[in-house]
Structure formats: C-alpha cells, structure tokens
1. Can you quote the Å³ per residue value for the convex hull of the Cα atoms in segment 79-144, rounded to an integer?
2. Within 10 Å of each residue's Cβ, count the other Cβ atoms and sort Val20, Val30 from fewest upward.
3. With label points built 7 Å along Cα→Cβ from the Cα atoms of Glu84 and Asp31, find their separation and express it in nm.
4. Residue by residue through segment 83-94, what is 3J(HN,Hα) from phi via Karplus (6.51 cos²θ - 1.76 cosθ + 1.60, θ = phi - 60°)? Round to whole Hz and write x for glycine and proline.
5. Let me check I have the definition right: for segment 16-144, take the eigenvalues of the Cα gyration tensor, multiply each by 5, take square roots. What are those semi-axes in whole Å, largest first?
6. Percent relative contact order of segment 40-111, based on C-alpha pairs within less than 8 angstrom and at least six residues apart?
7. Which Cα, out of Gly100, Thr130, Ala115, lies furthest along the positive dipole direction of segment 100-140 (beta carbon charges, K/R +1, D/E -1)?
Amino acid sequence: MLSVLDLFRVGIGPSSSHTVGPIRIAARFVDALEQSGAFDRVDRVQVELQGSLALTGEGHASPKAVMLGLAGFGPETLDPDEAELAVARIGETLSLKLAGRMPIRFDPATDIIMACDVIPALHPNGMRLTAHDEQGGVLLDETW
C-alpha cells in the first residue's frame, strides 16, 4: 500500500518540485567538492538554473533552494524560519557558508544565473554548478 509520502515530497514551497531537487543537487555538488579535495580552495560558486527552474525562477523559490543546499540544509530537516534567516544573511553579506562551515563569496544577483534560453534535453529542470578558486580557475563544473 502506498502512503502519502510515496506520492508527495515534503519541501519548501510553493513548488516542492522546484525546491527539493535543487537543494539536493546543490548538496551533492558540495559533497563532490569534498570528495575531489577541492573544497578548501573554493572561493565562489556560480549556479545556472535552466529550463523550467529558470523560467519560474523566484516565483517557485528555486534560487532560495540552491542557496540552502550549498549552505548545508537538507529538504527533510529544513526549518522554514531558519532557512529564511539564512537566505536573508546571504543577501546581506554576499557570502554563504559552504556546507554550513566554510565562508565563500556568493552574490545571489550575479552567482545565480537564470538561463531561460537553455532547455535541457533529458529533463525540463536543469542546473549547472561551477566552483571557482580565488584566481577564477574552475575547480569543479557539473551539469544536472
């Protein structure tokens, strides 16, 4: 027998399909940075939202979700009030704590790119994440 939890995903809204995926992808990107040994050299991360994620943008909270995933939040344990404070802090300081522990430069206005013209072939919701070092060199570049 199916439960409600099998049918629906719990996540921040208004559209959990546009938030749960981006939170998880951003968190997996951070995990990949740690596994590659590049985590400690990250100075900045840029995120390109593609397809439906870009087209619905702020309205479906995808940019907020990406910031939360990079900052170490997970969709299952996320406290909405704490998440709002974290996003506000990122906007005020133009930095975030990667995985909740390492400060990096992050300006949501320039580091989250809405690539409305990029429609991924495999799925309507696509993302590209790129981590840079202090010199601007690419440490890791992944497309989801």
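Bear in mind these aren't lab numbers, they're just calculated from the coordinates by the rules spelled out. Every value quoted in this text rests on a predicted model; they were computed, and no experiment measured them. Counting neighbours? That spans all protein chains shown, and the Cβs are built from the backbone with ideal geometry, glycine included.
1. Taking only Cα atoms, segment 79-144 has a hull volume of 132 Å³ per residue.
2. Working: Val20 20, Val30 24.
Sorted ascending by nearby Cβ count, the order is Val20, Val30.
3. Output for this residue pair reads 3.0 nm.
4. Each residue of segment 83-94 in turn: 5, 4, 5, 5, 5, 4, 5, 4, x, 6, 9, 6 Hz.
5. On the way: eigenvalues 80, 63, 36 Å².
For segment 16-144, the ellipsoid semi-axes come out as 20, 18, 13 Å.
6. 37 percent
7. Towards the positive end, the residue furthest out is Gly100.
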